[in-house]
Amino acid sequence: MRIHRTITAAAIAAVLPLLIQTPVFAAKIAVIGTGNVGAALGPEFAAQGHTIVYGSRDASEQKVKDLVAKTGHGASATAQQDAVKGADIVVIAVPGTAAEQVVKSLGDLSGKIIIDPTNRVNRGAPDGNLDYDKPANAASNAELIQSLAPNAKVVKAFNTLNVRQMTDPETAGGPITIPIAGNDAQAKATVAQLVKGMGLEVVDLGPLRYSRALEEMLVIWGNARAHGAAFNYYLRPQPAAAAPAAPGAPTAPSAR
């Protein structure tokens, strides 16, 4: 005897939020730094079901304790070198000029995905505009980090927007694209899931050597904001081309 069950719209509505909130994967993510970027990304990743460990120079600070409490979902804080132990993903959420020394201090990061949201900006241009501040020993900060952790999988991401839009994309008034770059396809796919889980869109711009372009995108973005023409990056996907008509099939008249 077959038992037929009718799935009601109410039942679907009750289950759907649970399916959306269930992560495709669950990772331990070490967020190195508890400033604006770390405090924005950590809670967002935790809300997707990941375990967050903040790496702080002083995990006993009240602001760090407050961030852990805000993050919830079993989050914790410890020293930076300890935070990366056992982590699947490491987020370098520190000032761009500090990234080199911080990464050097973290120890062996082999096999881990490193998300690099850092930027380097020269604010001393005579005309008052921002310029790109290229690191001395690499073409971009992301490539510098990769050279310091050669067996890790560095992905450039989250460096082209304001922390407000990280946590509340709807304030942008439309879609926001997070461009990413990296040499490892699976690492980029993992980061893309994190991006989409935040309500943002993602576009893969290719290998890590294109990270300089991403870092310079921040310079353009910052100059526009300074001149009262603030914008957010949205790279609209090109619709797929229509299939060619079969031989002899009538074609629509062209508009004149």
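The values are calculated or read from the model by the stated rules, or taken from the named source; none is laboratory data. Note that the structure is a prediction, hence the values are computed from the model and not measured. A quick note on method: Cβ atoms are made from the backbone with ideal geometry, for glycine too, and the neighbour counts reach across all protein chains shown. Heavy atoms of the whole protein, side chains included, go into the accessibility calculation; ligands, DNA and RNA do not. Shrake-Rupley method; radii C 1.70, N 1.55, O 1.52, S 1.80 Å.
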- Query: If you check A181 against the conditions, is it open to solvent by less than 20 Å² (accessible area, probe 1.4 Å), free of Cβ contacts under 8 Å to residues at least 24 places away in the same chain and of a type outside the set (V, I, T)?
  - Reply: no
- Task: Confirm whether L208 is in contact with a helix residue (DSSP H, G or I) (Cβ under 9 Å, 6 or more places away or on another chain), open to solvent by less than 20 Å² (accessible area, probe 1.4 Å) and under 21 Å from G35 (Cα atoms).
- Result: no
- Sole exception among (1) under 30 Å from A152 (Cβ atoms); (2) open to solvent by 70 Å² or more (accessible area, probe 1.4 Å) for K188, by number: (2)
- Message: Condition check: over 25 Å from A30 (Cβ atoms), of a type in the set (V, I, T) and either in contact (Cβ under 8 Å) with a residue 24 or more places away in the chain or touching a Ser or Thr at 6+ places or on another chain (Cβ under 9 Å) (or both). Does T160 satisfy that?
- Response: no
- Item | Identity of the residue in region 130-147, outside any loop (DSSP other than H, G, I, E, B) and not hydroxyl-bearing (S, T, Y), that ends up most open to solvent (accessible area, probe 1.4 Å) | D131
